[in-house]
Amino acid sequence: MVQKIGRNAPCPCGSGNKYKKCCLGGPSRSAAKLQRQLSPPRRVERHLNIVPSVEFQERRVRAIRNKIIARPLEETFHEFLILLLKARFGEGWRQNQMAVPPEKRHVLIQWVDAWREWRTTMRVDENRDGDHWAATSSGEVRALVALAYDLFCLEVTNRLPRFLVRKLKDRHEYQGARYEIAVAAIIARAGFEIEFLDKKIIEEKHCEFIATHKETRIKMGVEAKSRRRKGVLHEPGELDLEEVRVDIGNLLDDALLQRPSKLPYLVFIDINVPATTEKDPRDIEWIKDLESRLKERGLLSQDGKNQDPLNALVVTNYSYYYAGEAQAPRSECLVAKSVNPQIPIQNPRVMSSILESLSQYSQIPNEV
């Protein structure tokens with residue numbers, strides 16, 4: 001079943017307006033209604049163990065697990081996130097990257113440089129918002145800050161394994177690790193505890209992690225896969241936009257082989273293609289194409305005649321980086337739910353919490 005956005009539902013862009021009065025009708029002509037994509041309104045993460053920041057002795061003080069960090073008051077939360085990200089990778093790693101030719105450097109080096117340039121360019125009076133500045137982000141900036149926030153959310157829940165950080169630093173493993181972190185952060189923000197399985201099961205197929213819903217204690221397996229494209233995110237070759245297709249069949253087949261026994265199962269796949277300009281999800285070509293392909297495979301059908309091996313397939317397109325220095329596109333997502341899964345999820349609040357978290361992906365609060 002494909003989740004449609006109702007006309008009277010809150011708009012997924014985070015504006016706080018109804019969908020019919022926001023993105024459904026296309027972009028507003030009023031400058032006062034322009035959505036600031038980097039800092040849209042967002043609730044503080046009620047499911048995470050976040051200690052609210054405070055002002056103390058003319059400093060902004062934040063607590064992250066067992067650390068207390070004091071920073072200048074004029075530093076924004078987004079700047080703080082980038083500071084944490086750079087510290088996580090380390091100065092030694094950065095220097096090693098700078099010692100190799102530019103074409104062989106990690107994409108994060110490029111994005112951090114883009115962040116610095118964007119921040120300098122946007123610090124003008126027209127973008128001032130009280131003591132801070134706020135402006136529409138570029139594709140590279142959005143990709144960097146989304147990663148930084150996902151890392152922050154896993155850090156505060158003490159669920160950021162070292163092996164994932166090591167994979168992030170590796171050019172060839174970055175894409176898969178990045179998406180696993182995105183999915184884990186989405187699930188954590190939905191109110192789940194996370195147990196990564198990379199260290200638990202080594203010699204057999206397994207999903208990425210087991211998620212336990214804190215409220216209901218329902219457990220489920222979660223798998224995350226990202227479609228690789230030539231010339232994108234360190235992949236060799238050159239991207240041919242004329243040949244870009246959804247084609248996630250092999251990824252889905254592989255994910256089904258990694259299904260845990262006796263647990264509900266969710267599969268996340270990122271298609272990694274340039275975002276479209278369509279405002280209504282029903283008009284996005286890759287979504288219509290994917291719905292047709294699922295029908296052809298007889299998977300997640302509406303009639304419920306066959307039992308599905310998974311409870312839901314979540315297909316995302318978090319490909320902000322394709323925009324480069326241009327304005328970042330919005331994220332795109334399709335959720336196909338089984339009406340007859342082999343192992344049902346007994347409480348509807350479990351999926352509703354995930355759908356809520358998905359709808360707010362990359363909408364980062366101004367402060368926590």
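Quick look at the numbers
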| quantity | calculated |
| --- | --- |
| C207 being assigned to a loop (DSSP other than H, G, I, E, B) and crowded, with 21+ Cβ neighbours inside 10 Å | yes |
| L263 being open to solvent by 60 Å² or more (accessible area, probe 1.4 Å) and among the hydrophobic types (A, V, I, L, M, F, W, C) | no |
| Matching residues in region 139-162 - criterion: being among the hydroxyl-bearing types (S, T, Y) and part of a loop (DSSP other than H, G, I, E, B) | T157 |
| Residues of region 167-183 satisfying the condition of being assigned to a helix (DSSP H, G or I) and among the acidic types (D, E) | E180 |
| Criterion violated by T136 - all others in (1) of a type outside the set (F, W, Y); (2) open to solvent by 40 Å² or more (accessible area, probe 1.4 Å); (3) assigned to a helix (DSSP H, G or I); (4) within 23 Å of A326 (Cα to Cα) satisfied | (3) |
| Count of residues meeting criterion [outside any loop (DSSP other than H, G, I, E, B) and either touching a residue at least 12 places away in the same chain (Cβ under 8 Å) or closer than 24 Å to L251 by Cα (or both)] in region 308-365 | 29 |
| Filtered residues of region 57-66 (kept if free of Cβ contacts under 8 Å to residues at least 40 places away in the same chain, closer than 20 Å to P365 by Cβ and open to solvent by 40 Å² or more (accessible area, probe 1.4 Å)) | R59, R60 |
| Residue within region 118-130 that is in contact (Cβ under 8 Å) with a residue 24 or more places away in the chain, within 19 Å of D150 (Cα to Cα) and not hydroxyl-bearing (S, T, Y) present | no |
| Subset of region 74-93 that is more than 30 Å from G130 (Cβ to Cβ) and under 25 Å from the mean Cα position of the chain (by Cα) - its residue that is surrounded by the most Cβ atoms within 10 Å (Cβ to Cβ) | F89 |
| Members of region 220-274 that are without any contact (Cβ under 8 Å) to a residue 40 or more places away in the chain, in a loop (DSSP other than H, G, I, E, B) and closer than 25 Å to Q342 by Cβ | S261 |
| Subset of region 94-133 [open to solvent by less than 40 Å² (accessible area, probe 1.4 Å) and in contact with a helix residue (DSSP H, G or I) (Cβ under 6 Å, 6 or more places away or on another chain)] | Q97, H106, I109, W111, A114, W115, W118 |
| Scan of region 164-196 for residues that are in contact with a strand residue (DSSP E or B) (Cβ under 9 Å, 6 or more places away or on another chain) and open to solvent by 20 Å² or more (accessible area, probe 1.4 Å), ordered by number | G176, R178, E193, E195, F196 |
| Single residue of L334, L358, L266, L299 found to be over 22 Å from the mean Cα position of the chain (by Cα) and aliphatic (A, V, I, L, M) | L299 |
| Some residue of region 279-298 being crowded, with 20+ Cβ neighbours inside 10 Å, assigned to a loop (DSSP other than H, G, I, E, B) and among the small types (G, A, S) | no |
| Qualifying residue in region 59-67 (condition: at positive phi and either touching a Leu at 6+ places or on another chain (Cβ under 9 Å) or modelled with pLDDT of 95 or more (or both)) | no |
| Every pair of residues 6+ apart whose Cβ atoms lie under 6 Å, when the first sits in region 178-195 and is without any contact (Cβ under 8 Å) to a residue 12 or more places away in the chain while the second is open to solvent by 10 Å² or more (accessible area, probe 1.4 Å) and among the small types (G, A, S) | none |
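The values are calculated or read from the model by the stated rules, or taken from the named source; none is laboratory data. Just so you know, these numbers come straight off a predicted model, no measurement behind them. As a convention, Cβ positions derive from the backbone with ideal geometry for all residues, glycine included, and neighbour counts pool all protein chains shown. The accessibility values were calculated without ligands, DNA or RNA, using every heavy atom of the protein model including side chains. Shrake-Rupley method; radii C 1.70, N 1.55, O 1.52, S 1.80 Å.
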